[in-house]
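Take a look at the structure set out below.
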Amino acid sequence: MTNLGQFEGPKRRAPRSPLATKWRRFRKNVFVSLAIDLLVIVGTALVLSLLIKTFLIRSFFIPSGSMLETLQIDDRIIVNELVPDIVPLNRGDIVVFKDPGGWLGLAPEIQLDPLSAAGEWLLSAFGIAAPDSSQHLVKRVIGLPGDHVVCCDVDGKLTINGQPITEPYLAPGAKPSEVEFDVVVPEGSFWVMGDNRPNSEDSRFHDDLPSKGFVGAEFVVGRAFVISWPFSNFTWLDNYPDVFKDVPKP
């Protein structure tokens, strides 16, 4: 017990453990400190990138010419994954979707060595690479649930709910369709077509499958909204609302 007025000296700190002392000296090294900070920054960026890729946006590359001239082979596109679960799809939107069954056939399995696989995973995590792009398809939404889509009228135009449309996004010289069809889009599904109609295996050519050529909403990954690479092709992707503005509700 200390008497009143008696000075009490500072309490002694408990001696640090040898491990704590070594860590403190190690941490004071400027290069080690910089490396640790860099690892924290990269780790944080990687986690954020993974979260964004999982819930918000994702990158894909274009493996074929079915969407020429809008999308060139090897273009990189960014996809909004909030569509269609939170944000609804519109006619004219360009969508990326998983194979509804039988559209792509069996894709060959590519074996990568461990180092290449790790690099591919890391680039994919940051949205730079898209190793599974060949397992997805990209087309333009033409028909929404309930729409009556017909090809073609006496003028050779596609009609939606009886309204003919003029499609400025078609590849030069391409007709709306060389194949006639008359479909009503089921609830929860979409009718999709490529802009390069003569070279697009789209909804028109899969009516013999269980999906009948329609793409269910559960297969849609999201809506493509920008070409991000190569930079010379950078552009925001248009859904041409004026093309569909006069289409009546089904």
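Read the figures in this text as sums done on the coordinates, not as results from a lab. Here the structure is a predicted model, which is why all the values come from computation and not from measurement. Cβ sites come from the backbone with ideal geometry, for glycine too, and all protein chains shown count toward neighbours.
Quick rundown of the values:
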{"read-out": "For Lys245, Lys212, order by how many other beta-carbon atoms lie within 10 Å, fewest first", "value": "Lys245, Lys212"}
{"read-out": "Cross-link pairs beyond the 20 Å C-alpha cut-off, checked among Lys98/Lys245; Lys98/Lys212; Lys139/Lys212", "value": "Lys98/Lys245"}
{"read-out": "Val243, Val184 arranged by Cβ crowding within 10 Å, fewest neighbours leading", "value": "Val184, Val243"}
{"read-out": "Cβ-Cβ FRET estimate between Asp238 and Val154, R0 fixed at 25 Å, reported to 0.05", "value": "0.30"}
{"read-out": "Residue-wise HN-Hα coupling along the stretch 166-177, computed from phi with Karplus coefficients 6.51, -1.76, 1.60 (Hz; x: Gly, Pro)", "value": "9, 10, x, 7, 5, 4, x, x, 7, 7, x, 5"}
{"read-out": "Proxy reagent accessibility, fewest Cβ within 10 Å first, across Glu81, Glu187, Glu178, Glu201", "value": "Glu187, Glu178, Glu201, Glu81"}
